[in-house]
Structures are given as C-alpha cells and as structure tokens.
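Structure first, commentary second.
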Amino acid sequence: MNAPASQGDGPESPPPRPDLSILRDDDEYEYRPRRGRYVKWGVLLVLVVAAVYAWRTVPFDQYAPWLMPEVETATVQRLTAEQASAVLNATGYTYARVRAAVGAKITGRITELHVDEGDSVAAGDLIAVLDSEDLEAAVRRAEAALIESTARLADAVREEGRQRRIVEAGVAPSADLDAAITTLQVARAQVGTARASLDSVRAQLEYTVIRSPVDGVVIERTVEVGEMVAPGGFTSQQSTGALVRIADPTSLEVEADINESFIARIELGQPASIRVDAVPDHEYTGELRQIVPTADRQRAVVQVKVTIDDRDERLVPDMSCTVTFLEEGTDQAALEAEPKILIPAVAVVTEGGRSYTWVVRDGSLVRSSIELGLEQDDNQFEVLSGLAGGEVVVRQPGPELVEGMRVREVS
C-alpha cells in the first residue's frame, strides 16, 4: 500500500472533469442535416419555378437557339419605277444659278442699311448707304474749279480774237497772236481737266449708294450700321468684301459630283429625279444641263449641273440632295407607275396550281399565298398580290416546314 502523503506535500489535485464536447457535437450533428435538407428543397423549387416561367415567357430561340432548324432567307424587293430606270446616283447641293455678292466700291462707313436676310429685292433696289460728307465737299470743290477754268477759257477766247484783229491790221506782230492761241488751248485743257475731276468725284459719290444688281432674296448679310467697309473686305466682312449675298430662287439648280469612271453613263438632256433631304415627302424632276469640262484631281470627280423643273418655295440654296439619273426617254408618267414587288424564284412553292411562300415573322414561319406575274430576267417573279415588299422569305423551302415553326435565319 502507498503511504499517505505528508502534510508538507501541499493540497491534493482536484479530480478531472468529464469531457462533454462529444455530446455537444452529437447535438449539432443531429440538427444541421435537417436544416440543410430544407434549404436544398427550397433552392430546387425556385429553380423549377424560374425554368417554367422562362419556358412560358422567353422565346425558345433565346435560350436554346441551337435546337431550331436553320433556313436560308431573302428579302422581298419593292422596286419603284425610278429604281427600275435608274442609271446612276449622285449627291450634291442646290445652288442659285443667278446670284451676286454685293460689295462696296470705295471705303466708307455704313450710315443706312435697308435689307435683312430673307428680304426680297429687285434689281436697282437700295441696299445700303455710306457716309458721303467728304465726297459731297469734293464735288463742290470740283464744281468751283470747273467754273474757274471756264471763266479763264472765256477770257482766253476774247484775248485770242483781239490779238487776231490787231495782227491782221498790221499793228502788232504775229508772235502776240501765237501767244494768245497757246493761252486759249491751255484754258480749254484746264476746262477738260476740271470737268473730268468733277465726273470722277460725282462717280465716287454715287458709289456711296449701294443697289442690288439682280432680282432675288438676301440670303446673307455680313455688316451692320456704323461699320467700315472696303472693296477688299474690312472688319466683319468676308474675304470677298461682300456686304450681302443675293440669290434668285427661281434659278435654283443642283450641283453634283460624278465619279470620273461613271461619267460616260450620262449625257446632256438626260432626265433626273431629285430628292432633297429637307423635303422628304416630294421628288423633283429635272434634266442634266451641263457637264463641267474638267475633273478634280484630288477627288477624281467631275461636276455636273442639273435643272429643277418643278421647284417650289421650300427649296433654298445649299440644301443637300440626291440625284438619280434615269434612262433616256423616261417621262413623268412612267415615274408615277406603281412599284413592282419582286420575289426570288427559289422562294416560291407551287402546289395544285397555287403558289405560296414561307415568310419569317418574329422568328416563326407563316405561310403566305401569293399571286405571281411575269418572270423577270434575274430569276425573280413579280408578285401581284400577297406581299407588300420588305418581307423576309425562306429560300428553297423544304417539305419539313410547317406553320408556326421557330427557325433560325441565315441570310
């Protein structure tokens, strides 16, 4: 037997406590699997609901496009009479054939301005007036100089007559008559010089009144009252020195650029159809008036000018437009014909004497009955009824196609 411990050995160690962590782990082990099963079933239910919702609301081709059959498609054409007879297209701008940039002939300050942008003017109408006080004073000086020289001329005429009579009477030598004749010629020259100076100053005075040289509409004004102007441009004037720009709207034409490679396709007098971007609901007619006999090296184009036969007040200069040159002999009646609807021959199915085609609409097939007209040269049929143009149809449809089938388009 072991001997009892002595009092000097210290207090006894407490007995070890039982380990209860095993029981705690067992409790968690029994609880957690039960909660995890609820979470898994909830997630599975949400996925099922989402799948059903997607199947009913989202188009089939958006989440499983690879499962749909592919079909080769083409577009039904709507060919207007203009497109059928078109030879060449070109872009250009409207411009006034009769136009003028009105400027000043002398330097001066504007005291009156009688026009504004948009005003109609006639040839000779007053546009502006320049300060003329200095020129009016110069006119008065020139008039006084003319009066003085005229008086001297009259005196020289009288002196020449008196010397002639004295010389003829033998009282004075002929040298006195020669001197009188010379004085008379100088006086006459002085009168001519004074008259020319007066005419020059009066002409400059007239230059202070600026008038319109043509009939038209003011399309631009570059100055205001009180500004200085000059023939070569001054202050706010453009480099051309123009106070205003005037254009005659009745002379509007179109300037267009043609690639020099295509210039052989057109000739003078060829009819044309004109579409102006600012007037989308109307097509104007005209004809080729001029082919400018030079080419632009940088752009490799030749400029042409086309008349506008049915212009109206909606057209103004510098509007962008498109010109379609038509075949020779195309008239207005032909242009007003109904457009043709053309479908590729390979998209037409004929059964029992009736024709139809498969139209792809919103990703689904729709069978459309059509009435065919004459076959065209480019393996197309004219459609008399059943299509309006622009529809997407199936090329070379097979017997497996059915109404409402979802398909994938391949152009």
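Coordinate-derived values only; no laboratory data. In this text the structure is predicted, and so the values were computed from the model without any measurement. Ideal geometry is used to build each Cβ from the backbone, glycine not excepted, and the neighbour counts take in all protein chains shown.
Peptide packing for 259-269, 340-350 was compared via the average number of neighbouring C-beta atoms within 10 Å per residue; ordered from the highest value, the list is 340-350, 259-269.
Ranking Trp358, Trp41 by Cβ neighbours within 10 Å, fewest first, what do you get? If you can, show how the numbers build up before the last one.
Working: Trp358 24, Trp41 10.
Ascending Cβ contact count within 10 Å gives the list Trp41, Trp358.
Residues in the range 182-187 carry Karplus couplings, in order, of 4, 4, 5, 5, 5, 5 Hz; the curve used is 6.51 cos²θ - 1.76 cosθ + 1.60 with θ = phi - 60°, and Gly or Pro positions show x.
Would you mind ranking Asp277, Asp131 by Cβ crowding within 10 Å, fewest neighbours first?
Fewest to most other Cβ atoms nearby, the residues stand as Asp277, Asp131.
Across the range 265-279, rounded Karplus estimates of 3J(HN,Hα) from the backbone phi angles (6.51 cos²θ - 1.76 cosθ + 1.60, θ = phi - 60°) give 7, 10, 8, 4, x, 5, x, 8, 10, 10, 10, 9, 4, 6, 10 Hz, Gly and Pro being marked x.
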